[in-house]
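Report on the following structure.
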Amino acid sequence: MTKQFGGSFSRRGPDLITEELVAVLSGSASFEFKPLFDVIYENLRARKSASGGEEMLRLRAYEKLQSLVNQGMVKKTITKAGKHYKGLASLSTLLPAAPALVPVTI
């Protein structure tokens with residue numbers, strides 16, 4: 001006899017690390033991972049969303065960055081100076097859409 005667990009309800013919130021990666025990489029600059037992480041970490045701290053420790057966030061950010069590279073949304077360039085990451089045009093599909101403002105008439 002198998003026991004089934006209830007439902008498919010998930011309490012996972014939005015993926016803030018991917019949001020920040022997309023926001024930073026959607027610009028025209030390219031980054032090495034350390035300066036990129038520094039920007040992301042400061043943005044998350046400003047949003048009070050940097051929980052779990054800096055090293056854990058670094059690992060999660062690197063994993064998500066590599067996922068974006070594998071999906072073809074971020075270009076990874078390897079040189080003698082290091083690895084540089086630059087967002088491509090397809091990255092803009094991950095940006096959250098701004099809610100439409102409806103004018104209020106009184």
Anything in region 21-72 that is part of a loop (DSSP other than H, G, I, E, B) and either of a type in the set (Val, Ile, Thr) or under 21 Å from residue 89 (Cα atoms) (or both)? List them, or say none.
26, 27, 28, 29, 30, 32, 71, 72
With respect to residue 11, determine if the residue is among the charged types (D, E, K, R), surrounded by 10 or more Cβ atoms within 10 Å (Cβ to Cβ) and modelled with pLDDT under 90.
no
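The values are calculated or read from the model by the stated rules, or taken from the named source; none is laboratory data. All values reported here derive from a predicted model rather than from experimental measurement. Neighbour counts are summed over all protein chains in view; Cβ atoms, including those assigned to glycine, are modelled from backbone coordinates with ideal geometry.
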